[in-house]
Amino acid sequence: MKTPSKLPDVSPQTPLASGMAHAFTSASDLLLLLQQQADLLASQQQENSRLNAEKERLKSLKADHKYIQSLEAENEHLKFLNEHLKSLEEENKRLKLALAHHARMRFGVKSEVFNEQQRDLFAEDWHADDTDLQQHLEQLQATPQTTANKTPRSRAGRQPLAAHLPRIEVRHEPASCTCEQCGQALKLIRDEVVEKLDIIPIQFQVIRHIYPQMACRQCETITAQPSEPSVIDSGVATARLLAWVMVSKFADHLPLYRLEQIALRQGVPFPRSTLADWVGRIGFRLQSLVELLMHRLRQRAVLHADETPVQQLDPKAKRGGTKKAYLWAYRSNSLDGQDLMVVFDYQVGRAGHHARDFLQDWRGHLVVDDYVGYKALFEAKDKDGQFIRTEVGCWAHVRRKFFELHVANQSPMAAEALRRIALLYEIEQRGKELSVEKRQVLRQTESVPVLLSLHAWLKEQTALIAPNSGMAKALAHALKRWPSLVVYAQSGDIPIDNNPVENCIRPIALGKKNWLFAGSERAGCRAAAIQSLLATATLNGVEPLAWLTDTLEKLPTWPNSRLEELLPLRSMLKQG
């Protein structure tokens, strides 16, 4: 057995004991250091865990942020789609409104009476068919007994025939003046009168003027009455025939080739060139009367103005092409109690300077629509810096926009606007027969409050309606035109709308379907001049054919100093 080695001496006095003590001291420090490092490592791990957790949280937030961004982008896209949908809906409404407007203009009744049932284009044919069927039904139901005992059907509502027409009496005396039963003489108790309307068809005739040539043999002279002067020297047409041609062409809108056909049916050859020559000569002779009419029109304080397009033959275009010209119309006011007159001015364009050239230095109130060509007229000032013309708006144009909206989609807002505007027209209807002073008082007391209420209502509705819609445009148009729309209510002789001049243009607009276009600028000017005289005659209740016949008979010998007396005005007719 091996003997164990001897253990070293570790007493404090020995060097070994001293080193071991130092080692033990370093170990405790090492342990402390290790403990600190362990604590530090644990703290680091905790911090790393926290940082990892924060990193994960940031990643989550980043993902959430991207999700939120995607939601925001999707929301913006939805907003864009919603706005686009709204714009499409407004465009759809606008197109529907435009389609309804054009359909009404082409196929519907042009009347804008609110809530009036639309009449059919073929109402005349239907009425004739109804009468025809009633006659057939009565014929089928009739028997000899019922026919003998049939009582005359009442003709309720038949208007009496015009009193100014000549009457030709045809007496139907009984076959015998004695009673068939007792033989006594019959006595007249009354005359039963039945009037029937007749017509004398157009009939050409030749008037032979015979001038006896009387000679004196002693003096060797010949005496004879001078020839009657004629508006066309050495012409074969009488004043009545010339007037018939002019009225047929410019009032009834019959082209010359139709007049040629009418004459040929009676065996009277009228070359179209001859008719055109007559038109040119008469137009020239009537020009002085038109200039007088224009002069008198410019003396009025209130005028209407409007324009309508017409087609003019363009010699530069191929295959009979045309270009657009315009017929400007200027009408006197109906509320001042003076003569009514209208003047048409033919121009090759629609520029505003045409109206300025026609009116010249005229000053007063001008009733117009919202056409920009008129705006410069109201900017002109006199030497004192005062505006020489005042714009008067047209309530009919404002009403028309709401009317079209109501027709297109039965808009309640449009219906309310129409109701409020109708109040203004109802007041005007009651003041129609009043004097200027009383009409002004009526407008001040009744129209002005309605206008104030309507203006406030228009502003309220503008804030509620979507922009760019048809209703928004109608409201904006009324508010934009408001300063000119309320001018009429401040006086008693300014009209509420521009309908009077539009009514003068309407026959010409219908006539364009017959004559289609003007052959030249000179032809358009000539037509405008003659139509001015004939339309003025109609406005004054003067029969155009009778007036023109009388005028053409007087013109050759009428003094120029009294030429104004030939105008077809009521005041001139009273003087004559």
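For this structure, a couple of remarks:
- For region 230-335: rounded, prolate or oblate by the Cα gyration tensor [a/c cutoff 1.5]: oblate
- Projected label distance in nm at residue 453 and residue 274, using a 7 Å step from Cα toward the beta-carbon: 6.8 nm
- Loop-located GluC sites (Glu not before Pro) across region 210-303 with a Cβ neighbour count of 10 or fewer within 10 Å are 220, with loop assigned by DSSP.
- Positive-end residue of 477, 467, 411, charge dipole of region 394-497 with Cβ unit charges: 467
- Spatial separation of Cα centroids for region 333-379 and region 515-576, in angstrom: 21 Å
- This ranking places 211, 371, 346 by how few other beta-carbon atoms lie within 10 Å of each, fewest first, which gives 211, 371, 346.
- When each of 375/438; 375/480; 401/480 is checked by Cα-Cα distance, pairs over 22 Å: 375/438
- The simple Förster model, with R0 at 35 Å and r as the Cβ-Cβ distance, assigns residue 191 and residue 564 a FRET efficiency of 0.15.
- Whole-Hz couplings from phi, Karplus 6.51/-1.76/1.60, listed for region 71-87; x for Gly and Pro: 5, 5, 5, 5, 5, 4, 5, 5, 4, 4, 5, 5, 5, 5, 5, 5, 5
- Each other residue within a Cβ distance under 15 Å of residue 423 adds +1 if Lys or Arg and -1 if Asp or Glu, for a net charge of 0.
- At an R0 of 51 angstrom, the distance between the Cβ atoms of residue 91 and residue 426 translates into a FRET efficiency of 0.90.
- Here the extension length gained between residue 203 and residue 506 equals 106.0 nm, from 0.36 nm per residue of separation less the Cα-Cα distance.
- Site pair residue 49 and residue 30 shows an inter-label distance of 3.0 nm when each label is modelled 7 Å from Cα along Cα→Cβ.
- Each label point was placed 7 Å from the Cα along the Cα-to-Cβ direction; for residue 410 and residue 522 their separation is 5.9 nm.
- Integer Hz, Karplus 6.51/-1.76/1.60 couplings in order for region 212-224, x for Gly and Pro: x, 9, 9, 10, 10, 5, 5, 8, 6, 10, 10, 10, 7
- Relative contact order of region 394-497, defined on C-alpha pairs under 8 angstrom at six or more residues apart (%): 36 percent
- Computed from backbone phi with θ = phi - 60° and the Karplus coefficients 6.51, -1.76 and 1.60, the 3J(HN,Hα) list for region 356-365 is 5, 5, 6, 6, 6, 9, 4, 10, x, 9 Hz; x is used for glycine and proline.
- Fewest-first sequence of 551, 445 by Cβ atoms within 10 Å of each Cβ: 445, 551
- Qualifying trypsin sites (Lys or Arg not before Pro) in region 385-444, where qualification requires a DSSP coil assignment and no more than 12 other C-beta atoms within 10 Å, comprise 432.
- Relative to the Cα centre, the charge distribution of region 437-568, modelled as +1 at Lys and Arg Cβ and -1 at Asp and Glu Cβ, gives a dipole magnitude of about 520 debye.
- Residues 557, 238, 390, ranked from the fewest to the most other C-beta atoms within 10 Å, line up as 557, 390, 238.
- Per-pair calculated FRET efficiency, R0 = 35 Å: residue 64 and residue 41 via Cβ, rounded to 0.05: 0.55
- Taking 0.36 nm per residue of separation and subtracting the current Cα-Cα distance, fully stretching the chain between residue 171 and residue 217 would add 10.9 nm.
- Shown here for region 393-448: GluC sites (Glu not before Pro) in loop regions (DSSP other than H, G, I, E, B) with at most 10 other Cβ atoms within 10 Å, namely 433.
- Residue 310 long-range amide H proximity, modeled H, under 5 Å: 325, 326, 327
Read-outs: derived from the displayed coordinates by stated rules, not from any lab. In this text, all values refer to a predicted model and were calculated from it rather than measured experimentally. Because the Cβ atoms are built from the backbone with ideal geometry, glycine has one as well, and the counts that use them run over all protein chains shown.
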